[in-house]
Amino acid sequence: MVDIETVRHLALSFPETEELPHFHLTSFRVRKKIFATVDEKIKRVMVKLNVTEQSVFCSFDKTVIYPVPGGWGQKGATYIELTKVKKNMLKDALMVAWCLTAPPKLAGKYSRK
């Protein structure tokens, strides 16, 4: 299980990330573009992936990481259950979402190590 403070710490560890409200959720953005949201009440994160990355992460365990139902999910929006996910898996998903959302020049400076 990963708590909300750990999600916040991980998301804010990426360059130029800021935390802002998004309706009833908390969002994490790079240069004003959302790469992840957190629903604190139901302990779930949504990350914006592409469909290829989504299929890789979802192949792990569909009770932990799975596509958002409907059209958003078909475009890569992916839910992560905080009560079930391991910290390293969440960190990897956040990193990929950040890299896919950040401008290419900025993302290229970030090492995926």
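The values are calculated or read from the model by the stated rules, or taken from the named source; none is laboratory data. Since the structure is predicted, the reported quantities are computational estimates derived from the model, not experimental observations. Keep in mind that these areas ignore ligands, DNA and RNA; they rest on the heavy atoms of the full protein, side chains included. Shrake-Rupley method; radii C 1.70, N 1.55, O 1.52, S 1.80 Å.
When the listed pairs LYS75/LYS109; LYS43/LYS86; LYS86/LYS109 are checked against a 24 Å cut-off, the alpha-carbon distance exceeds it for LYS75/LYS109; LYS86/LYS109.
With 0.36 nm allotted per residue and the present C-alpha distance subtracted, the ASP61-SER13 stretch has 14.7 nm of extension available. Rolling a 1.4 angstrom probe over the chain with all protein chains present gives an accessible area of which 56% lies on carbon and sulfur atoms. Membrane-span-like helices in the chain (whole DSSP H runs, Cα extent of at least 15 Å along the helix axis, mean Kyte-Doolittle hydropathy of at least -0.5): 87-101. Report summary: the helix-based calculation at 222 nm, which adds -39500 (n - 2.57) for every DSSP H run with n ≥ 4 and divides by the residues of the chain, gives -10000 deg cm²/dmol.
Rolling a 1.4 angstrom probe over the protein heavy atoms with all chains in place gives the chain an accessible area of 59 Å² per residue.
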